[in-house]
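Notes for the one structure printed next.
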Amino acid sequence: MSRHLSRTWSVALALVGTVWAFLLLPPQQAEWSGADAPRWLKTLDTMPMYDQARDALRAAGATDFYLVFGAASALSFVLIWLATRAAFAAVGWSGRVLGALVLIGAPTTFVSYLSHAEAAPLHPLWGAEAFVLMAVGVWAVVVAIAAPRGRIPVWERVLIGLTPAVVVASTLTLSYWPHGTLVGLGLEAAAIAAFGARPDAPPHAPADAIEHREDRVDDAAV
């Protein structure tokens, strides 16, 4: 039995993590930016489900919506980590380190939002998830360079190497981190989980090996 989740489950978790981060984005941006939030996010924040969520939180005594909607994004880090475990294991030691960095994002984000108040004992850690996201981006380039050529296809190495661009583009496009950043990372994770190499799958054959096999088939046919 494989120690890793199937492709189907891996892709599903990556997409759930993506959607979860996106759903948290409108109310979180509303708390952070207020009237200065992007218009499309303010429009989404007027949806009844967000008002119902805030009413339920008030009823439960949780009135710090910035903390709640912010800390809840930690779940997306965990889901993305689970979704990419098999693919990163196939990459080797550097992939496992990348997976560990992604997972570290979960407790870091939770503690960060928990410490946003100036009186919080760990207030200096507020915003620390930004450094984790930067580390993920930088280390992803190392992974792309160190990934074994015989097993990891070129497109996958390129996509992993583009992680810094994904981090920056998704953050700027959706105007908030880590929520917006996690949307981009979640989509990247879904693609890698769906089509990337896995320890329980046949290794990727390099192009020259494929050409060599084709030449042998042609020779046999003659």
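The values are calculated or read from the model by the stated rules, or taken from the named source; none is laboratory data. Bear in mind that the values here come from a model prediction, so they are computed numbers and not experimental data. Here Cβ is always computed from backbone atoms with ideal geometry, including for glycine, and neighbour counts include all displayed protein chains.
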Return the total of residues in the range 1-44 being among the β-branched types (Val, Ile, Thr), within 23 Å of the chain's Cα centre (by Cα) and surrounded by fewer than 17 Cβ atoms within 10 Å (Cβ to Cβ). 2
Filter the helices (runs of 4 or more DSSP H) completely within the range 133-212 down to those with at least 3 residues that are at pLDDT 95 or above and touching a Phe, Trp or Tyr at 6+ places or on another chain (Cβ under 8 Å). 179-195
Residues being crowded, with 22+ Cβ neighbours inside 10 Å and more than 15 Å from Gly95 (Cα to Cα): count how many of those fall in the range 186-203. 2
Determine which member of the set Trp81, Trp40 is more than 21 Å from Glu129 (Cβ to Cβ) and of a type in the set (Phe, Trp, Tyr). Trp40
Could you please find all residues in the range 51-76 being in contact (Cβ under 8 Å) with a residue 24 or more places away in the chain, among the small types (Gly, Ala, Ser) and part of a helix (DSSP H, G or I)? Ala53, Gly70, Ala71, Ala74, Ser76
Which residue, of Val97, Val78, Val158, is touching a helix residue (DSSP H, G or I) at 6+ places or on another chain (Cβ under 9 Å), farther than 20 Å from Val11 by Cβ and surrounded by fewer than 21 Cβ atoms within 10 Å (Cβ to Cβ)? Val97
With the requirement that a residue be within 19 Å of Asp64 (Cα to Cα), of a type outside the set (Ser, Thr, Tyr) and not in a helix (DSSP H, G or I), what does the range 31-50 give you? Ala37
Failed condition for Ala120, given (1) in contact (Cβ under 8 Å) with a residue 12 or more places away in the chain; (2) assigned to a loop (DSSP other than H, G, I, E, B): (1)
